[in-house]
1. Considering only the range 73-91, state which residues are surrounded by 23 or more Cβ atoms within 10 Å (Cβ to Cβ) and free of Cβ contacts under 8 Å to residues at least 24 places away in the same chain.
2. Between residues in the range 50-72 that are in contact (Cβ under 8 Å) with a residue 40 or more places away in the chain and residues that are outside any helix (DSSP H, G or I) and among the acidic types (Asp, Glu), which pairs lie under 7 Å by C-beta distance while being six or more apart or on different chains?
3. From 125, 148, which residue is within 19 Å of the chain's Cα centre (by Cα) and not in a helix (DSSP H, G or I)?
4. I'd like to check something: does the range 118-136 contain any residue that is among the basic types (Lys, Arg), surrounded by fewer than 18 Cβ atoms within 10 Å (Cβ to Cβ) and either in contact (Cβ under 8 Å) with a residue 12 or more places away in the chain or closer than 18 Å to residue 75 by Cα (or both)?
5. Does residue 109 satisfy the criteria of being under 21 Å from residue 142 (Cβ atoms), among the hydrophobic types (A, V, I, L, M, F, W, C) and out of contact with any helix residue (DSSP H, G or I) (no Cβ under 9 Å at 6 or more places or on another chain)?
Amino acid sequence: MKGLKKFTNFVPGSTIYNDSNLTIETHNLNHPGGCVSYKITEKYPGKKNKIVVFATDFEPDGGTQDRELIKWWKGAHIIIADGQYDLPESKEKKGWGHSNPFTNVDLAIKAGGVGEIIMTHHDPNSSDKYLNALEDRVVKYAKKEDPNLKVSFAREGKSFELTDGLSRQELQDAFKYLAA
């Protein structure tokens, strides 16, 4: 299937799409050269909205950027986040613009109301065996810190659903808009 191409200029922090059913907002991330996070909110009149946040290519700073990210993540049903390095590696590669799953769990807990965080943007030098072991450690850590927070690692072919949320077609339409 051929992709659609449409370039839209916007300033991070702006809303780039808004109708009665769906809002797509942007947020600046801490990354050399810049990076943008997207928040897709499906609106349900009289019910709780469904929120998905895509936030890859960012580095926690332990300060202002983290506080802004915590506000941005608050109440998200699903967060797809940069989990490129293990904790020791992320300290060694400070300034490279990437996070680690343990810090992401901490940020999600501080945000509050987060249902699930899915780690992505894995280090390409990491084996499946290594990533599986890292995922096990992160899941155990998250259960200890907040038993209600679901944690997993993204994998090729894996899909995620929001119960009573966007249909597959609505999600495809939203992502076509983002890719357009």
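1. Residues satisfying the conditions do not exist here.
2. What qualifies is 50/42; 56/82; 57/82; 58/82.
3. 148
4. no
5. No.
Where a number appears in this text, it was derived from the coordinates with a stated rule and is not lab data. Predicted model, so just to flag it, every value in this text is computed and none were measured. Positions of Cβ are backbone-derived with ideal geometry, glycine not excepted, and every protein chain shown enters the neighbour counts.
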